[in-house]
């Protein structure tokens with residue numbers, strides 16, 4: 001296995017290289033797609049938009065395919081499909097689940113959306129594109145099958161950010177892991193012939209940057225003289241553990257010598273109302289919930305904060321953490337190899353499976369001098385490791401190797 005320093009493309013591949021391949025004589029045509037783009041506001045959708053825009057800025061011929069909404073740029077296209085939350089989609093999924101609907105792409109609303117989106121995507125890209133880059137796992141699997149059977153031209157790269165099991169990951173031709181530790185862990189499972197890369201997500205360090213704290217707090221109606229802890233995550237118990245964060249923050253405020261407020265910004269889930277109610281009961285005015293904040297405004301919310309906190313025990317590579325780093329925020333998070341690598345010198349991760357793990361980190365970062373030091377290091381770390389120019393260069397290197405492989 002070829003290994004490189006963190007911040008460079010790392011590849012494992014058994015495929016032969018075809019020198020002088022046809023694609024080497026002209027610019028690559030690249031498709032980036034997300035079935036939820038336009039109606040879902042989460043990591044996959046943010047990833048797709050960021051990657052396509054970064055490639056455009058680098059002068060690449062790229063088209064961004066979405067499933068909903070009116071495209072606001074000529075290089076974006078909307079493709080028809082059954083949207084996951086539509087009642088008609090849910091009815092079909094309910095009926096087909098009785099006869100094993102998951103076997104043919106209708107096991108859930110999300111899978112049905114991906115299946116119907118893939119049909120439209122295949123018709124659009126099958127002849128004229130060289131590469132397809134996606135994070136939707138079912139879209140990637142279907143399009144990869146079509147490519148292997150000679151029915152679709154573009155080679156498919158799955159950027160793995162959805163925690164698929166090893167049995168599923170082994171089915172892809174090209175796999176992009178988002179952190180070096182994932183490549184190392186995957187090597188014992190990698191099937192012969194599968195190309196594997198380690199390329200992280202990136203963040204726009206020009207947009208997400210430290211700013212006028214007081215102006216940002218006034219914009220969002222937040223206390224100007226409080227220590228402000230921000231969490232950007234879906235407002236739910238499962239996985240994101242926002243309820244646990246609320247309880248830890250309540251304990252932290254009992255120890256903190258200055259007033260403190262917790263701000264939670266994220267999308268709605270079935271658990272959201274219950275989590276908000278619990279938060280208001282426990283923290284009162286010391287917690288603010290901001291639902292479905294438009295992405296074009298979210299950068300000023302980071303500028304309003306003092307610390308970024310994430311309570312989940314495991315994450316593949318949360319874009320919100322990158323945005324926080326780039327905004328110069330110290331990080332409080334769980335101590336896993338990926339999160340520790342991402343946070344770098346911006347924090348001191350602790351075991352969040354135990355009570356008090358977040359309290360300890362927030363207490364440490366409450367000291368102004370400590371917080372200022374980590375804030376400076378956070379920004380430097382983001383620029384050096386996760387900035388758009390640094391990572392797009394790695395993506396283009398990956399594309400070149402994939403396009404040239406037999």
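FYI, it's all coordinate maths here, none of it is from the lab. Predicted model only: the values in this text are computed from it and were never measured. Don't worry about glycine lacking a Cβ; one is built from the backbone with ideal geometry, like all the others, and counts go over all protein chains shown.
How many percent of the alpha carbon pairs in the stretch 202-307 exceed a separation of 19 Å?
That tail contains 44 percent of the Cα-Cα pairs.
Using only the alpha carbon atoms of the chain, find the Kirkwood hydrodynamic radius as the inverse mean reciprocal pair distance, in angstroms to one decimal.
22.2 Å
Take the Cβ-Cβ distance between residue 237 and residue 128 as r, set R0 to 51 Å, and report the resulting FRET efficiency rounded to the nearest 0.05.
It comes out at approximately 0.70.
Work out how much length residue 270 to residue 166 would gain on full extension: take 0.36 nm times their residue separation and subtract the Cα-Cα distance, in nm to one decimal.
Between residue 270 and residue 166, full extension yields 34.6 nm more.
Determine the shape class of the stretch 213-386: with a ≥ b ≥ c the square roots of the Cα gyration tensor eigenvalues, call it rounded for a/c under 1.5, and otherwise prolate if a/b is greater than b/c, oblate otherwise.
In terms of gyration-tensor shape, rounded.
Just to confirm my numbers, what's the Cα centroid distance between the stretch 203-228 and the stretch 307-372 in Å?
18 Å
Label residue 219 and residue 86 with points 7 Å out from Cα along Cα→Cβ: what is the distance between them in nm?
3.5 nm
In nanometres, what is the gap between the two model label sites at residue 185 and residue 285, each 7 Å from Cα along Cα-to-Cβ?
Spacing of the two 7 Å Cα→Cβ label points: 4.4 nm.
What share of Cα pairs, in percent, lie more than 16 angstrom apart in the stretch 37-92?
It works out to 48 percent of all Cα pairs.
Report the antiparallel proportion of the DSSP beta bridges in the chain as a percent, rounded to a multiple of 5.
10 percent
222 nm [θ] for the chain, helices only, -39500 (n - 2.57) per DSSP H run of 4+, per residue, to 500?
Rounded to the nearest 500, it is -12000 deg cm²/dmol.
Calculate log10 I(q)/I(0) of the stretch 261-357 for q = 0.15, 0.22 Å⁻¹, where I(q) comes from the Debye formula with a single equal point scatterer on each Cα and nothing for solvent.
-0.66, -1.32
Could you work out the equivalent-ellipsoid semi-axes for the stretch 131-258, taking the square root of 5 times each eigenvalue of the Cα gyration tensor, largest first, in whole Å?
Taking √(5λ) for each Cα gyration eigenvalue gives 42, 19, 14 Å.
Evaluate the Kirkwood expression for the hydrodynamic radius of the stretch 96-158, namely the inverse of the mean inverse distance over all pairs of different C-alpha atoms, and round to one decimal in Å.
Result for the stretch 96-158, one decimal place: 11.9 Å.
How much length, in nm to one decimal, is gained on full extension between residue 251 and residue 119, taken as 0.36 nm per residue of separation minus their Cα-Cα distance?
Value of the extension gain: 42.4 nm.
Semi-axes, largest first, in whole Å: what does sqrt of 5 times each Cα gyration tensor eigenvalue give for the stretch 71-193?
Ellipsoid semi-axes (Å, largest first): 25, 20, 14.
Could I have the simple spin-label model distance between residue 400 and residue 297, label points 7 Å from Cα toward Cβ, reported in nm to one decimal?
Each label point lies 7 Å from its Cα, and together they span 4.2 nm.
Mean-square fluctuation check for the chain, GNM, Cα pairs under 10 Å: which of 216, 305, 367 is largest?
Its mean-square fluctuation being the largest, the pick is 367.
Hey, what angle do you get for helix 87-96 against the long axis of the chain, alpha-carbon based, 0 to 90 degrees rounded to 10?
With both axes taken from Cα atoms, the answer is about 60 degrees.
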